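Structure record follows, encoded as structure tokens.
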Amino acid sequence: MELNEKLISLSTRFDIQLDVESVIPIKGGHINSSFRLKNSISNQPDVLLQKVNHHVFTDVDALMNNLVLVTNHIKNQKQYREMVADIIPTKSGEYVLKSDGEYWRMLEFIDQKKAFEVADSAEVCRKAGFTYGSFLKAVEGIPISEVNAHLPDFHDINVRLSQLDEALKKPVANRLKNAESSLQEIDRLRDTMSNRLKEAKSKNMPLRILHNDTKLSNVLLGERDLGTVVDLDTVMPGYVFFDVGDALRSIAVNAKEDERDCDSIELLSQYKQAFVEGYLAVTDKLLEPVEVESLDYAGAYMAYIMGVRFITDYLNGDVYYSTSYPEHNLVRAKNQLKVCALFSTQ
Ligand code: GN1
Ligand code: MG
């Protein structure tokens, strides 16, 4: 069956009035496949149909439990309602459709707000900070024990470094040499980064319910300060500097994460400041001093972890992230290590 035909046929299994006018693939994500289905029925929203990558998300039910839990909790708070998209269940009342060994879900498509790859003003950064900060606040009432850590140790640098060490034992032919300078940079910062995590643990930094993929393009912004947070696949417990750092590595730089020309990458301190201001405007009463202190190294830590993850996947032969050309993961790794260096020396 042709792809569009398949998508239209899958869409009929969901509980919504839908007459598909066209299918638009959504680019940008490295893991799931996403499609906007334009709806020709008036007063009915367009929808987002997504195939959840169950090779990466090996426990789709645990992921979906988190998504439903967090979405319902946020929707029940009037002031935050528009911060998440509606989940559209199947006609038999399930949140995920299992079909031919694949996992499909449907969400409301938000078209009144806009996603940014790279920030173009401090205002965008402030609103992104305000929205991600509001997310942290809005999920406060959920007992953390109810949230599944379905990708364990997701932002644990020691685990990521040991995955790199594993990859180094059997790298794909000819790739080790190209990775050399990145590996040296990773070694140089190894102890510093791993100490960050050690410190967080020893200082009893609280674990909170995080988004865990807070890049700029995962927040949709409009006129109001509060935007909509998308891609809730990695909602899991973690330390607040994971979310702030992940946001800063994309918000406070002038380039995309796969910009090849590393010399052109610059840190934009006014953007960093605007994001943090927006974030703290909502969370300052919530955060403990040890968490506020951690924001200083958040960007460096998360850019480092991305550098480690990208180079690991490069050495493994691009088995995790989708890539558009053979050196794509290497380019991403060098880029993120440059961003890390910029954050570390500022
Ligand atoms: C992946 O879902 P997507 O493509 O936005 C990854 C994130 C990385 C990101 C790098 C489950 O996110 O951790 O930060 O790529 N998600 C997973 O852009 O590994
Ligand atoms: Mg994601």
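Within the set of pairs 6+ apart or on separate chains, which have a first residue in the stretch 22-46 that is within 30 Å of Glu257 (Cα to Cα) and open to solvent by 60 Å² or more (accessible area, probe 1.4 Å), a second that is part of a strand (DSSP E or B) and within 14 Å of ligand 2 (Cβ to nearest atom), and C-beta atoms under 6 Å apart?
Taking only residues 6 or more apart or on different chains, the pairs are Ile26/Ser34.
Tell me the strands (runs of 3 or more DSSP E) entirely within the stretch 8-61 that contain at least 3 residues that are of a type in the set (S, T, N, Q). It would help to see each step written out before you state the result.
Values: elements: 20-26, 33-39, 47-52.
By residue number, 33-39.
Give all pairs with beta carbons closer than 6 Å in which a residue from the stretch 96-120 that is touching a residue at least 24 places away in the same chain (Cβ under 8 Å) meets a residue that is among the polar types (S, T, N, Q); count only pairs at least 6 apart in sequence or on separate chains.
Taking only residues 6 or more apart or on different chains, the pairs are Leu97/Thr90; Arg105/Gln50; Ile110/Thr228; Lys113/Thr228; Ala115/Ser217; Glu117/Ser217.
For the stretch 211-265, enumerate the residues that are in contact with a Phe, Trp or Tyr (Cβ under 7 Å, 6 or more places away or on another chain), open to solvent by less than 20 Å² (accessible area, probe 1.4 Å) and among the polar types (S, T, N, Q).
Asn212, Thr214, Thr234
Looking at Gly278, Gly245, which is the one that is closer than 14 Å to Gly129 by Cβ and within 15 Å of ligand 1 (Cβ to nearest atom)?
Numbers: Gly278 fails: within 15 Å of ligand 1 (Cβ to nearest atom).
None of the others qualify; the one that does is Gly245.
Given the options Arg196, Arg188, name the one that is in contact (Cβ under 8 Å) with a residue 24 or more places away in the chain, more than 30 Å from Leu69 (Cα to Cα) and not in a loop (DSSP other than H, G, I, E, B).
Working: Arg188 fails: in contact (Cβ under 8 Å) with a residue 24 or more places away in the chain.
Residue meeting the stated conditions: Arg196.
Any idea which of Val230, Val253, Val219 is under 21 Å from Phe116 (Cβ atoms), β-branched (Val, Ile, Thr), within 11 Å of ligand 1 (Cβ to nearest atom) and in contact with a strand residue (DSSP E or B) (Cβ under 7 Å, 6 or more places away or on another chain)? Before the answer, list the steps.
Values: Val253 fails: within 11 Å of ligand 1 (Cβ to nearest atom); Val219 fails: within 11 Å of ligand 1 (Cβ to nearest atom).
Matching residue, one of Val230, Val253, Val219: Val230.
The values are calculated or read from the model by the stated rules, or taken from the named source; none is laboratory data. What you see is a predicted model, and the numbers here were worked out from it, not measured in a lab. With ideal geometry, Cβ positions are generated from the backbone for all residues, glycine too; neighbour counts draw on all protein chains shown. Accessible surface areas use protein heavy atoms only, side chains included; no ligands, DNA or RNA. Shrake-Rupley method; radii C 1.70, N 1.55, O 1.52, S 1.80 Å.
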